[in-house]
1. Taking every pair of alpha-carbon atoms in the chain, what share in percent sits in each 5 Å bin, from 0 to the bin with the longest distance?
2. How much accessible area per residue does segment 78-164 have, in Å², with a 1.4 Å probe?
3. Dividing the Cα convex hull volume of segment 124-203 by residue count, how many Å³ per residue is that?
4. Can you give the helix-only mean residue ellipticity at 222 nm for the chain, where every DSSP H stretch with n ≥ 4 adds -39500 (n - 2.57) and the sum goes over all residues, rounded to the nearest 500 deg cm²/dmol?
5. Taking a threshold of 21 Å on the Cα-Cα distance, which of the pairs 27/53; 27/140; 53/102; 27/146; 53/146 fall above it?
6. Tell me which DSSP H helices of the chain clear both cut-offs, 24 Å or more of axial length from alpha-carbon atoms and a mean Kyte-Doolittle hydropathy of at least 0.5.
Amino acid sequence: SGEAPTLLFDGQPSPMHPASTDEENAKKLLSMIEPLMDFSSSTLNQTPPPIDKGLLRDLIVSLSAAAAKIQCAEPRLLELPSPCYVLGDIHGNLTDLQFFRKTLWPAGVQTRAGDILFLGDFVDRGLDSVPVVAYMVAQKVLNPYKWWMIRGNHETREVNGNVKTYREGSFLHQCTSIFGDDDGRLIWEGVNDFFDTLPIAAR
């Protein structure tokens with residue numbers, strides 16, 4: 001994702017948006033995040049596409065809760081069939097996630113014969129933890145039986161809230177930098193509630 005985050009707080013209040021179904025919301029969220037992913041891997045000198053941060057906030061909070069509800073029905077130890085693509089730590093790196101998207105599911109996750117498993121550590125260090133998490137929860141809602149995630153050590157409040165250690169790479173710092181303190185902490189808590197439901201292992 002380069003040396004700068006793709007999203008920044010503009011100081012403007014975020015309006016509320018009407019609710020819709022989880023699947024509709026997930027598709028809407030992907031339609032916002034995927035252009036950012038395209039931008040992150042572009043070699044052209046351009047600015048990130050505009051984002052309605054109020055809508056982004058509402059969708060992340062809503063879909064984090066929806067994905068958490070799905071995962072609450074999953075076992076703590078996932079038993080996954082073969083074939084399965086096993087992908088490592090993203091750590092807030094939108095460029096890496098874009099590489100997986102373009103290489104492994106260019107026509108959509110549902111078109112793949114195999115399942116997809118992520119090994120945790122979705123946030124911190126990289127500067128795009130917010131759009132990375134947004135993409136992950138949207139895919140979980142749309143593909144609950146193909147898109148799997150397990151919990152890493154960064155999926156805890158103690159770690160991803162450690163601004164002193166990770167500074168601008170901290171997930172909490174990125175949430176408040178993009179959305180302001182109140183909305184940023186609302187998103188941080190909502191996403192961590194989702195992290196609390198992640199399975200801890202898979203085989």
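1. Using 5 Å bins, I get a P(r) of 1, 8, 17, 21, 22, 17, 9, 3, 1, 0 for the chain.
2. Numbers: 3390 Å² over 87 residues.
Result: 39 Å² per residue.
3. Numbers: hull volume 7.4 nm³, N = 80.
Roughly 92 Å³ of hull volume per residue.
4. Numbers: 8 runs with 96 residues, N = 203.
Dividing the helical sum by the residues of the chain leaves -14500 deg cm²/dmol.
5. Values: 27/53 16 Å; 27/140 11 Å; 53/102 26 Å; 27/146 16 Å; 53/146 29 Å.
Those over the limit are 53/102; 53/146.
6. On the way: long enough: 22-40 (26 Å, -0.41); 53-72 (28 Å, 0.84).
Correct list, ordered by number: 53-72.
The values are calculated or read from the model by the stated rules, or taken from the named source; none is laboratory data. Predicted model, so just to flag it, every value in this text is computed and none were measured. Protein only, heavy atoms only, side chains kept; ligands, DNA and RNA dropped before computing areas. Shrake-Rupley method; radii C 1.70, N 1.55, O 1.52, S 1.80 Å.
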